[in-house]
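The values are calculated or read from the model by the stated rules, or taken from the named source; none is laboratory data. Note that the structure is a prediction, hence the values are computed from the model and not measured. Here the Cβ positions follow ideal geometry from the backbone for every residue, glycine too, while neighbour counts run over all protein chains shown.
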Amino acid sequence: MTISFAAIGGMMVQAAAWLATGVLLGLLHFHSLRMNVRCLIAGEMLASLSLQLLRFAVTAAGLTLIARELGALPLIEAAIGLLIARSAVLRRELRQP
């Protein structure tokens, strides 16, 4: 069984694409979390609840779509991307006074 370099390169590009998709989904998720906190602080409970539900629905729908259509490996790659986004957002927020 021989695997060509072209096949390996194609797999690497796919892995990078799903990782980037997860990062974008994570950035969207955590940006909306920031907006949600601002709504809570302002006392806008209905807007906060709506945004919370929308945030969870979009994240769950994105990950579910990836899992159902493409399988476990792209789902794992997207989830890792989501964790990378979480780490980046936390690092940025901890630096701000």
Restricting attention to the range 46-79, the residues that are surrounded by 16 or more Cβ atoms within 10 Å (Cβ to Cβ) and hydrophobic (A, V, I, L, M, F, W, C) number exactly 7
Notebook entry, point to check: For the range 23-46, does any single residue satisfy the condition of being over 30 Å from MET12 (Cβ atoms) and among the hydroxyl-bearing types (Ser, Thr, Tyr)?
Noted result: yes
Quick count over the range 77-92, residues being touching a helix residue (DSSP H, G or I) at 6+ places or on another chain (Cβ under 8 Å) and over 20 Å from ALA15 (Cα atoms), is 1
Taking the range 25-39 and keeping residues within 11 Å of the chain's Cα centre (by Cα) and of a type outside the set (A, V, I, L, M) leaves GLY26, HIS29, PHE30, HIS31
Here the qualifying pairs (Cβ atoms under 6 Å; residues six or more apart or on different chains; first in the range 57-72 and closer than 16 Å to LEU25 by Cα; second assigned to a helix (DSSP H, G or I) and of a type outside the set (Ser, Thr, Tyr)) come out as THR59/HIS29; GLY62/LEU25; ILE66/PRO74; ILE66/LEU75; ILE66/ALA78; ALA67/LEU75
Screening GLY43, GLY22, GLY10 for residues that are without any contact (Cβ under 8 Å) to a residue 12 or more places away in the chain and either surrounded by 10 or more Cβ atoms within 10 Å (Cβ to Cβ) or within 11 Å of the chain's Cα centre (by Cα) (or both) leaves only GLY10
Handout entry: Verdict on ALA17 being at pLDDT below 95, surrounded by 12 or more Cβ atoms within 10 Å (Cβ to Cβ) and over 11 Å from the mean Cα position of the chain (by Cα)
Key = yes
